[in-house]
Amino acid sequence: MNNAMCKFKTWRHFAKPGVIAVGIGMAGVVFVDATSVCADFDVAYSQRYDAWARQNPFPVSALHTATNPVPSLTTEQIIQRYRDSGMTQFTGLGPVNSYDNLAEAERVGYAWQADVKNYDDMNAFQTEVNLAMSIGDGPTAMRIYDEPGEVDIPVIKERVQWMRSAGVQQGFNETGVASPLIYANLSLFDVDIDNYIEQVDPDVLSYTWYPLYRDGTTDNHHFEFMKIARTASLEHNVPLWMFQQTYGRSDPESGALYRLPSESDMRFQAFTFLGQGGLGIRYFLYLTEGNPEAIIDGTTNQPTAVYGHIQNVTPEVENMGRSLPLLRPVDEVAFLGQALIDFDDTPLFTGRGDLQNITGGTSLQVSFFEDGLGEEYFMVVNLLHGDGLSADDLQDTIRLWFDSDVLMVERLNRLTGEIDYLETIFASSQRYLDVTLPGGTGDLFKYHTDESFAMIPEPMTLVMAMPVMVMMGSRRYRSTEKLRSVGR
């Protein structure tokens, strides 16, 4: 295949065995095998993000502030415990304060991000950025501002322009590692999103939203605000990331009273976002001294239940993340059941294309995607979640009703990363498929055709191509346990 023909195209990857050749194409990092084809549309978002997503693990991380309460851990223990949570990338706040942690993550081959504090002093900001970039291959991403107001946009624009002109972001370094993504994180209340994107040109659109309240309720604006962010992401062609809630707050003088999320809460946050087209999850907060309600208890320096919930859900999110960066969300997200009562801005799902109806579900989100060949995908999420409730407590069985021509659908298995081929059942003039979803959890489906599920090749496949991978570096596979076990 002639790589030059795909200069402005994305590469399509199929979930089939035998992928062994790796190289660098004109559009960035390209993985080629006998079943790959050049897709018919441009990359799902940008050339930069497409190359980045193919090199890096699907981003799931939590903000680490370099706090180390008693009983304190060594730097090696800090990074190992963080990594054992299952999160795919480490994030340190402030390269100066977090230098030891960032350097240790680099040393052990764990992908990492650096968040730079809101410095008024440009020289101090440049010092932080340069320090981060001096560590090995540098970070995979840098958040350079948090929850700015309109008055802060010129400052962010100046910083982004400096980082790009100074060579912080220049495509690929000499080892073939993609340059870091640059962005600010927004509060949807504080800034005009369209103006921010037009002025700053960020690599991702990231925002904060914490919907889980201490009284057991969930904010009814959850989907309304998600729609605002999704709409801006698609209109401006910028991939969507999100800070999600992993802490509780009980002091009424501090603001809203948040609950520490249950397992079903964590899944609800993750899978509703993925179904809306989300491509990166950041958790707040990992650890802060004196606060017992976070991923790590800041009074005992021990993991809370949320740590286990992250271990449980992240492998499934990462498996979904092998396909989602290659897909483009289409049409509006729709809902069924209790969601229409519990949340604002939740239009009723009345069928789309060959998916004519869904019955049996208590509360559902339904969304649609397309890949570069025009293949159609859909995702259904069980929205049931609650304080102290597990995913199994709230599992629900739904029935998907299809046109009579749909004899089979494919499902990306969240647990294995493989593709399930599911035959539908004939009933009168339609066909149907029964699916059971744990609470807060969703599945991604594709109509069965001659074209295969769009997938980024899994790391184990690429171990066979290690000599060629030297050309491009190994960032994409640094945090994958499967690869580490092969390399030992």
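Some notes on this structure:
- Taken over the Cα atoms of segment 329-447, the convex hull encloses 113 Å³ per residue.
- Hydrodynamic radius of segment 56-326 per Kirkwood, over alpha carbon pairs, in Å: 18.9 Å
- Contour excess over end-to-end distance, with Cα ends at Met122 and Arg352 and 0.36 nm allotted per residue: 77.7 nm
- The spread of Cα positions in segment 185-303, taken along each principal axis and listed from longest to shortest, comes to 44, 26, 25 Å.
- Mean separation of Cα pairs under 8 Å and 6 or more residues apart, divided by the residue count, gives segment 329-447 a relative contact order of 26 percent.
- Using the Cβ-Cβ distance between Phe189 and Phe426 with R0 set to 60 Å, the FRET efficiency from 1/(1 + (r/R0)^6) comes to roughly 0.75.
- Kirkwood Rh (inverse of mean 1/r, distinct Cα pairs), segment 110-162, angstrom: 11.7 Å
- A simple count of charges around His221, restricted to other residues whose Cβ falls under 15 Å of its Cβ and scoring Lys, Arg +1 and Asp, Glu -1, yields -3.
- Using 0.36 nm per residue and subtracting the Cα-Cα separation, the extra length available between Ala166 and Glu235 on full extension is 21.9 nm.
- Principal axis dimensions, segment 288-361 - Cα atoms, whole angstrom, descending: 53, 32, 21
Each reported figure results from applying straightforward, stated rules to the coordinates on display, with no laboratory input. No experiment lies behind these values; they were computed from the predicted model shown. Because the Cβ atoms are built from the backbone with ideal geometry, glycine has one as well, and the counts that use them run over all protein chains shown.
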